[in-house]
Amino acid sequence: GQQLNQSPQSMFIQEGEDVSMNCTSSSIFNTWLWYKQEPGEGPVLLIALYKAGELTSNGRLTAQFGITRKDSFLNISASIPSDVGIYFCAGRRGGSEKLVFGKGTKLTVNP
Amino acid sequence: DVKVTQSSRYLVKRTGEKVFLECVQDMDHENMFWYRQDPGLGLRLIYFSYDVKMKEKGDIPEGYSVSREKKERFSLILESASTNQTSMYLCASRPRTGSKNIQYFGAGTRLSVL
């Protein structure tokens, strides 16, 4: 099945730094979702985006639905150690019941 | 809060055993999904169900079957477990397609087949 192109695959950063990751697709999506997964747990939804150009924040996290509807970005500002985990993007096409996932960005934050 | 509960966090089974993974959601969602997650491969859809007694194959259904006898419960069955089915299994649920239909995940079941 199709997967989204998510980058980078991993990031090693210092506490306090800002983080950026993105997902791209060759197809148009109607919904973009960003999840975080901590070790040994299931993914937890961070932000949901429903309209092209939409910019949504959740605390230090900000995500954008790309204008072309083929990409999305997640930014984390002033990272802290508890931000560590794997961040996944997911997209849904109109009329489809299934989500398409990126392979994840593994974030490590050094105190 | 939506709750998706997977009956076991960890399971160890032997090759050839029949294995049941259970998932229950408490929000009356129509859609339920089973994924497996492996390092480097991301989440791969095994089966999904959009209503009671309805099921559709996902991307990797071979070696698995599912059961949806009640709306709140979706079971994944490994008819004869094999070592290549050692993985993290994630259940998810979501309302039927519509605006703001967010998909929620359970905590996962880590299955080891020896």
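The values are calculated or read from the model by the stated rules, or taken from the named source; none is laboratory data. Values in this document were obtained by computation on a predicted structure and should not be read as measured data. Neighbour counts run over all protein chains shown; Cβ positions are idealised from the backbone, glycine included. Heads up: the accessible areas ignore ligands, DNA and RNA and are worked out on the full protein's heavy atoms, side chains in. Shrake-Rupley method; radii C 1.70, N 1.55, O 1.52, S 1.80 Å.
Couple of notes before you dig in:
- P(r), alpha carbons of segment B:60-114 - 5 Å bins starting at zero, rounded %: 4, 15, 21, 24, 18, 10, 5, 2, 0
- Counting Cβ atoms of other protein chains within 10 Å of each residue's Cβ and taking the mean over peptide A:99-105 gives 4.
- Simple Cβ-charge dipole of segment B:1-91, Lys/Arg +1 and Asp/Glu -1, about Cα centre, in debye nearest 20: 260
- Proximity of backbone amide H atoms, modeled 1.01 Å from N, is registered between A:E17 and A:S79 at under 5 Å, excluding neighbours fewer than 5 places apart on the same chain.
- Residue by residue along B:32-42, Cβ atoms of other protein chains within 10 Å of the local Cβ number 3 on average.
- Annotation: aspartates and glutamates with alpha-carbon distance below 20 angstrom to B:K57 (same-chain offsets under eight excluded): A:E97, B:E22, B:E30, B:D38, B:E69, B:E72, B:E79.
- List B:V19, A:V84, A:V44, ordered by accessible area with a 1.4 Å probe, largest first: A:V44, A:V84, B:V19
- With a 10 Å cut-off around each Cβ of B:88-94, the average count of Cβ atoms from other chains is 2.
- Karplus-derived 3J(HN,Hα), 6.51/-1.76/1.60, for each residue of segment A:97-108, Hz, glycine and proline x: 8, 9, 8, 10, 10, x, 7, x, 10, 8, 10, 10
- Here the contact order of chain B, divided by its residue count and restricted to Cα pairs under 8 Å and six or more residues apart, works out to 36 percent.
- Carbon and sulfur %, accessible surface of segment A:1-84 computed with the full protein complex present, 1.4 Å: 51
- Positive-end ranking of A:F12, A:T68, A:N58 along the dipole of chain A, with charges on Cβ about the Cα centre, is headed by A:T68.
- Rel. contact order, % - alpha carbon contacts under 8 angstrom, at least six apart, segment A:1-91: 35
- Shown in residue order for segment A:37-54 are the 3J(HN,Hα) couplings computed by the Karplus curve 6.51 cos²θ - 1.76 cosθ + 1.60 at θ = phi - 60°: 10, 8, x, x, 10, x, x, 10, 5, 9, 8, 10, 10, 10, 9, 4, x, 4 Hz (x for Gly and Pro).
- Distant-in-sequence amide contacts of A:G85, defined by a placed amide H-H separation under 5 Å and a gap of 5 or more residues or a different chain, comprise A:L107.
- Buried accessible area, chains B and A (both chains, 1.4 Å probe, Å² to nearest 100): 1900
- With a cut-off of 15 Å between beta carbons, the residues surrounding A:E17 carry a summed charge of -2, where Lys and Arg count +1 and Asp and Glu -1.
- Antiparallel DSSP beta bridges within the protein assembly as shown, percent to nearest 5: 90
- Cross-link partners of A:K70 among lysines (Cα-Cα below 20 Å; sequence separation of 8 or more within a chain): A:K51, A:K98, A:K103, B:K100
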